[in-house]
Amino acid sequence: GCDKLRISFYDSLDKMRPSPNSSLTTYFDKCHKSIGKFNYFTSRGLSLKTIERFNLGIDRHFNAGHDIYIKAAIIPTGPSSFVARNTDPNAGPKMRYRKHGKTMIFNLENALLQDDTKPVILTEGEIDALSCIDAGFNAIGLGSTSNAAAFIRYIRETRPAQPVIIAMDNDDNGLAAANKIYQALREMSINCEIHNLY
(Lines give C-alpha, C1' and ligand atoms only; values in the text may rest on other atoms or scores of the structure.)
Protein backbone atom coordinates (compact mmCIF):
# COMPACT_ATOMS: atom_id res chain seq x y z
CA GLY A 1 0.00 0.00 0.00
CA CYS A 2 2.58 2.61 1.09
CA ASP A 3 4.95 1.73 -1.80
CA LYS A 4 2.26 2.25 -4.45
CA LEU A 5 1.44 5.68 -3.07
CA ARG A 6 5.16 6.48 -2.64
CA ILE A 7 4.64 7.12 1.04
CA SER A 8 7.33 5.97 3.44
CA PHE A 9 6.13 3.81 6.34
CA TYR A 10 8.33 5.91 8.61
CA ASP A 11 6.90 9.18 7.23
CA SER A 12 3.46 7.96 8.22
CA LEU A 13 4.77 7.27 11.74
CA ASP A 14 6.17 10.81 11.93
CA LYS A 15 2.77 12.27 11.03
CA MET A 16 1.31 10.56 14.10
CA ARG A 17 3.58 12.64 16.31
CA PRO A 18 2.13 15.90 17.67
CA SER A 19 3.71 19.24 16.83
CA PRO A 20 6.36 20.61 19.23
CA ASN A 21 3.79 22.78 21.05
CA SER A 22 1.11 20.15 21.64
CA SER A 23 0.74 17.58 24.40
CA LEU A 24 2.63 14.36 23.82
CA THR A 25 0.60 12.20 26.19
CA THR A 26 -0.52 9.71 23.51
CA TYR A 27 3.01 9.47 22.06
CA PHE A 28 4.52 8.91 25.53
CA ASP A 29 1.96 6.20 26.29
CA LYS A 30 2.67 4.41 22.98
CA CYS A 31 6.42 4.55 23.64
CA HIS A 32 5.92 3.30 27.20
CA LYS A 33 3.96 0.31 25.91
CA SER A 34 6.72 -0.37 23.33
CA ILE A 35 9.43 -1.14 25.87
CA GLY A 36 9.06 -4.88 25.21
CA LYS A 37 11.31 -7.67 26.41
CA PHE A 38 14.56 -5.79 25.85
CA ASN A 39 14.23 -2.93 28.25
CA TYR A 40 16.90 -0.29 27.72
CA PHE A 41 16.10 1.31 31.05
CA THR A 42 16.43 -1.86 33.15
CA SER A 43 19.70 -2.55 31.32
CA ARG A 44 20.83 0.82 32.69
CA GLY A 45 19.91 -0.31 36.21
CA LEU A 46 16.55 1.44 36.60
CA SER A 47 13.70 -0.28 38.40
CA LEU A 48 10.27 -0.89 36.88
CA LYS A 49 8.86 1.46 39.54
CA THR A 50 10.99 4.36 38.25
CA ILE A 51 10.23 3.47 34.62
CA GLU A 52 6.50 3.60 35.42
CA ARG A 53 6.73 6.76 37.53
CA PHE A 54 8.39 8.77 34.76
CA ASN A 55 6.53 7.06 31.88
CA LEU A 56 9.77 6.14 30.13
CA GLY A 57 9.49 4.43 26.76
CA ILE A 58 11.01 3.30 23.48
CA ASP A 59 10.39 4.64 19.98
CA ARG A 60 11.64 1.89 17.67
CA HIS A 61 11.56 4.18 14.60
CA PHE A 62 12.53 7.61 15.91
CA ASN A 63 13.33 10.10 13.16
CA ALA A 64 16.77 11.43 14.09
CA GLY A 65 16.77 13.72 11.03
CA HIS A 66 17.90 13.39 7.41
CA ASP A 67 15.76 10.24 6.96
CA ILE A 68 17.76 8.41 9.62
CA TYR A 69 15.65 6.27 11.94
CA ILE A 70 16.94 4.91 15.22
CA LYS A 71 15.67 2.94 18.19
CA ALA A 72 15.46 5.61 20.88
CA ALA A 73 14.80 5.69 24.60
CA ILE A 74 12.20 8.41 25.22
CA ILE A 75 12.48 10.40 28.45
CA PRO A 76 9.61 12.87 28.96
CA THR A 77 10.84 16.20 30.38
CA GLY A 78 7.48 18.00 30.27
CA PRO A 79 4.01 17.65 28.73
CA SER A 80 5.33 18.86 25.35
CA SER A 81 9.00 17.93 25.51
CA PHE A 82 11.26 14.93 25.67
CA VAL A 83 14.78 13.67 25.19
CA ALA A 84 15.40 10.82 22.73
CA ARG A 85 18.52 8.81 23.53
CA ASN A 86 19.91 6.41 20.94
CA THR A 87 19.93 2.89 22.40
CA ASP A 88 22.89 1.88 20.21
CA PRO A 89 25.96 2.07 22.51
CA ASN A 90 28.19 2.52 19.44
CA ALA A 91 26.36 5.61 18.15
CA GLY A 92 28.64 8.56 17.42
CA PRO A 93 28.41 11.81 19.41
CA LYS A 94 26.12 13.46 16.85
CA MET A 95 23.64 10.57 16.95
CA ARG A 96 23.34 10.07 20.72
CA TYR A 97 20.66 12.60 21.73
CA ARG A 98 17.78 14.53 20.24
CA LYS A 99 15.54 16.97 22.08
CA HIS A 100 11.94 17.68 21.14
CA GLY A 101 9.93 20.71 22.21
CA LYS A 102 10.91 23.52 24.55
CA THR A 103 13.98 22.68 26.60
CA MET A 104 12.90 21.60 30.07
CA ILE A 105 15.08 20.63 33.01
CA PHE A 106 14.18 17.07 34.02
CA ASN A 107 12.20 16.74 37.29
CA LEU A 108 12.94 20.36 38.31
CA GLU A 109 9.62 21.35 39.82
CA ASN A 110 8.95 17.93 41.37
CA ALA A 111 12.32 17.83 43.14
CA LEU A 112 12.54 21.36 44.53
CA LEU A 113 9.81 21.91 47.09
CA GLN A 114 9.40 24.77 49.57
CA ASP A 115 8.41 22.47 52.45
CA ASP A 116 11.08 19.81 52.02
CA THR A 117 14.57 19.73 53.51
CA LYS A 118 15.89 16.57 51.82
CA PRO A 119 18.95 17.28 49.65
CA VAL A 120 18.52 17.43 45.89
CA ILE A 121 21.19 15.97 43.61
CA LEU A 122 21.73 18.02 40.46
CA THR A 123 23.12 15.90 37.62
CA GLU A 124 23.97 16.77 34.05
CA GLY A 125 22.05 13.96 32.33
CA GLU A 126 18.51 12.68 32.73
CA ILE A 127 19.65 9.05 33.09
CA ASP A 128 22.00 10.11 35.91
CA ALA A 129 19.09 11.83 37.67
CA LEU A 130 16.88 8.76 37.18
CA SER A 131 19.62 6.55 38.66
CA CYS A 132 19.81 8.79 41.74
CA ILE A 133 16.01 8.77 42.08
CA ASP A 134 16.02 4.98 41.76
CA ALA A 135 18.54 4.83 44.63
CA GLY A 136 16.10 6.78 46.84
CA PHE A 137 17.37 10.32 46.38
CA ASN A 138 15.71 13.45 45.08
CA ALA A 139 17.33 14.48 41.77
CA ILE A 140 17.21 16.85 38.82
CA GLY A 141 18.80 16.36 35.38
CA LEU A 142 19.95 19.58 33.68
CA GLY A 143 19.99 17.88 30.28
CA SER A 144 22.96 20.00 29.26
CA THR A 145 25.50 22.30 30.88
CA SER A 146 23.93 25.07 28.77
CA ASN A 147 20.90 24.89 31.10
CA ALA A 148 22.96 26.04 34.10
CA ALA A 149 21.74 29.65 33.73
CA ALA A 150 18.08 28.52 33.59
CA PHE A 151 18.59 26.44 36.74
CA ILE A 152 20.18 29.40 38.55
CA ARG A 153 17.25 31.66 37.50
CA TYR A 154 14.75 29.11 38.83
CA ILE A 155 16.57 28.92 42.18
CA ARG A 156 16.67 32.72 42.38
CA GLU A 157 12.90 32.90 41.85
CA THR A 158 11.83 29.99 44.09
CA ARG A 159 14.45 30.01 46.89
CA PRO A 160 13.98 26.36 47.93
CA ALA A 161 14.99 25.30 51.42
CA GLN A 162 16.69 22.11 50.25
CA PRO A 163 20.45 21.76 50.04
CA VAL A 164 21.76 21.05 46.53
CA ILE A 165 24.44 18.45 45.77
CA ILE A 166 25.97 19.43 42.43
CA ALA A 167 27.13 16.33 40.56
CA MET A 168 27.90 17.25 36.96
CA ASP A 169 29.83 15.04 34.53
CA ASN A 170 33.54 14.74 35.25
CA ASP A 171 34.72 16.64 32.16
CA ASP A 172 35.70 20.25 31.43
CA ASN A 173 32.15 21.42 30.62
CA GLY A 174 30.70 19.61 33.61
CA LEU A 175 33.28 21.01 36.03
CA ALA A 176 32.82 24.56 34.66
CA ALA A 177 29.04 24.32 35.01
CA ALA A 178 29.35 22.88 38.53
CA ASN A 179 31.54 25.81 39.61
CA LYS A 180 29.21 28.37 37.99
CA ILE A 181 26.16 26.89 39.76
CA TYR A 182 28.04 26.55 43.06
CA GLN A 183 29.14 30.22 43.04
CA ALA A 184 25.65 31.47 42.15
CA LEU A 185 23.92 29.36 44.80
CA ARG A 186 26.44 30.36 47.49
CA GLU A 187 25.80 34.03 46.66
CA MET A 188 22.10 33.34 47.31
CA SER A 189 22.99 31.61 50.61
CA ILE A 190 21.67 28.28 49.29
CA ASN A 191 23.35 25.35 51.03
CA CYS A 192 25.24 23.48 48.29
CA GLU A 193 28.26 21.29 47.67
CA ILE A 194 30.02 19.86 44.63
CA HIS A 195 30.48 16.08 44.65
CA ASN A 196 31.81 13.68 42.04
CA LEU A 197 29.39 10.74 42.16
CA TYR A 198 31.10 8.96 39.31
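Across the stretch 80-90, computed HN-Hα scalar couplings (Karplus, 6.51 cos²θ - 1.76 cosθ + 1.60, θ = phi - 60°) run 10, 8, 7, 10, 10, 10, 4, 7, 7, x, 9 Hz from first to last residue, x flagging Gly and Pro.
Among the lysines of the chain, pairs that are 8 or more positions apart or on different chains and have alpha carbons within less than 23 Å of each other number 22.
The amide H of I194, built 1.01 Å from its N in the peptide plane, has I166 as neighbours under 5 Å, considering only residues 5 or more places off or on other chains. For the chain, just say rounded, prolate or oblate: build the C-alpha gyration tensor, square-root its eigenvalues into a ≥ b ≥ c, call rounded for a/c under 1.5, and beyond that prolate if a/b exceeds b/c, oblate if not. Cα axes put the chain in the prolate bin.
Measure off, as a whole percent, the carbon and sulfur share of the 1.4 Å-probe accessible area of the stretch 97-161, all protein chains present.
Values: 1520 of 3100 Å².
Ligands and nucleic acids excluded, carbon and sulfur give 49 percent.
Quick check on the stretch 37-103: take the gyration tensor over C-alpha atoms, sort the square-rooted eigenvalues as a ≥ b ≥ c, and tell me if it's rounded (a/c under 1.5), prolate or oblate. Write out the running numbers ahead of the final one.
On the way: a/c = 2.05, a/b = 1.25, b/c = 1.65.
Note, shape of the stretch 37-103 comes out oblate.
Backbone amide hydrogens, once placed in the peptide plane, bring I58 within less than 5 Å of H32, S34, I35, I74, excluding anything fewer than 5 places away on its chain.
Shape call for the stretch 88-141 from the C-alpha gyration tensor, a ≥ b ≥ c root eigenvalues: rounded (a/c under 1.5), prolate (a/b greater than b/c) or oblate? In terms of gyration-tensor shape, oblate. When the chain is treated as a Gaussian network with alpha carbon springs shorter than 10 Å, the biggest mean-square fluctuation among I68, I140, I35 belongs to I68. Under a Gaussian network description of the chain, with springs only between Cα atoms under 10 Å, the residue in F82, F54, F41 that fluctuates furthest is F54. Each residue of the stretch 134-144 was assigned a 3J(HN,Hα) from its phi angle through the Karplus expression (A = 6.51, B = -1.76, C = 1.60, θ = phi - 60°), giving 4, 7, x, 9, 9, 8, 10, x, 4, x, 5 Hz with x at Gly and Pro. Excluding ligands, DNA and RNA, the accessible surface per residue across the chain is 56 Å² with a 1.4 Å probe.
The values are calculated or read from the model by the stated rules, or taken from the named source; none is laboratory data. Remember, predicted model here, so these are calculated numbers, not experimental data. Accessible surface is based on the protein model in full, side chains and every heavy atom, while ligands, DNA and RNA are left aside. Shrake-Rupley method; radii C 1.70, N 1.55, O 1.52, S 1.80 Å.
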